[in-house]
Amino acid sequence: MADYQEYRRHVLHRRWRRMFATFLALVMLVLLCGVWVLWRQLYPTPPSRQEPQITLLEQALPDASWRTLSYERSTAYQVQTRADGSTAMDFRLASMPVTESEPVDLSYFDSAVFLGDSLTQGLQIYDTGLPNAHYCAYRGVGPNAVVNGTTCTRIDGVQEVPLEALASYAPKSVYILLGTNVLTQDTDYTSFLNYYSLMLDNIRALLPDADIYVQSITPVRPEVSAGAGHSGMYGARFIRVNNDLAALAVEKGCYFLDLWEVLADANGDLKAEYAQPDGYHLLPEGYAAWVNYLRTHVAHTEIVTPEDPTAQTADSAAAASAAPLAA
């Protein structure tokens, strides 16, 4: 009998233990449901936001690949040829118009920085250039060197990182001419455009109040493309590149300057009287024409500062009205 009573107590004990565990599980489930309901009341799911207006670059590809260095631009421009054999370059339509006021004094460029390669170094070297301006000019570089933070060597041998040097000058305007060194081969130049786009973004982030000028790739003599390693340096190809650069400048809210207006002849080639023997670098006379063009194509004839909001003249206001709209 003692064994039966002991067995009965064990059975009842296990039964009550199972009932208690089940009850405890139900209580925990109710508590979790209550916590979930309370959480949803305190932190409701935010309503879906309206999709922002997409930019031209986003329209190129529907997915996120437009943000990378591998997207392909969908818009292309056709080079038109006139009856006389000369070319009508579409990028001229996006070029900044002539300033209505008189050409600015050379001192206007003392607060400017010129970012470029050996072509830009000529502005620094020759008296016909702008030797008093600031320069971030490095032989043989392209926009990829600027984006990647590559250490570059100036004409005086000093080494520096282009964007760091550019920011240190705190310029009121930035003039960019990059591309000749990375467009020597007749290959796809999508990577060049993508790096150029990223470079403009970086410069805008560093200098939000500066006027940024994108200068067209300069023309070359017709015999250049026949030289070894220069198969991509010919007029029709540079026209296509400049078309894309002009569109990119408008996209990024920058000013586009068409140097072909003063450096190219009727056939779209570099004027012979401006060409060095290599066919693409410039003689001092070419830099004089370049500078005269810059003096008559400025966004503001006077730079307006927050301390002097009335400094802008009527002429500068008219010039500012021609500025491209930011994307």
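Does Arg240 fit the bill of being out of contact with any helix residue (DSSP H, G or I) (no Cβ under 6 Å at 6 or more places or on another chain) and closer than 24 Å to Val298 by Cβ? Explain how you work it out, then say what you get.
Values: out of contact with any helix residue (DSSP H, G or I) (no Cβ under 6 Å at 6 or more places or on another chain): yes; closer than 24 Å to Val298 by Cβ: no.
For Arg240, the condition - out of contact with any helix residue (DSSP H, G or I) (no Cβ under 6 Å at 6 or more places or on another chain) and closer than 24 Å to Val298 by Cβ - is not met.
Being modelled with pLDDT under 65 and of a type in the set (Gly, Ala, Ser) is the filter; apply it to region 2-60 and report the residue that is farthest from Lys252 (Cα to Cα).
Ala2
So, restricting to helices (runs of 4 or more DSSP H) that lie completely within region 118-202, which ones have at least 2 residues that are surrounded by fewer than 20 Cβ atoms within 10 Å (Cβ to Cβ) and touching a strand residue (DSSP E or B) at 6+ places or on another chain (Cβ under 9 Å)?
Details: elements: 118-125, 143-147, 162-169.
Helices (runs of 4 or more DSSP H) meeting the threshold: 118-125, 162-169.
Looking at (1) in contact (Cβ under 8 Å) with a residue 40 or more places away in the chain; (2) more than 23 Å from Leu248 (Cβ to Cβ); (3) not charged (D, E, K, R), find the lone condition where Leu115 falls short.
(2)
Residues Ala228, Ala210: which one is at negative phi and at pLDDT 95 or above?
Values: Ala228 fails: at pLDDT 95 or above.
Criteria check complete, one pass: Ala210.
The values are calculated or read from the model by the stated rules, or taken from the named source; none is laboratory data. All values reported here derive from a predicted model rather than from experimental measurement. Cβ atoms come from the backbone with ideal geometry, glycine included; neighbour counts cover every protein chain shown.
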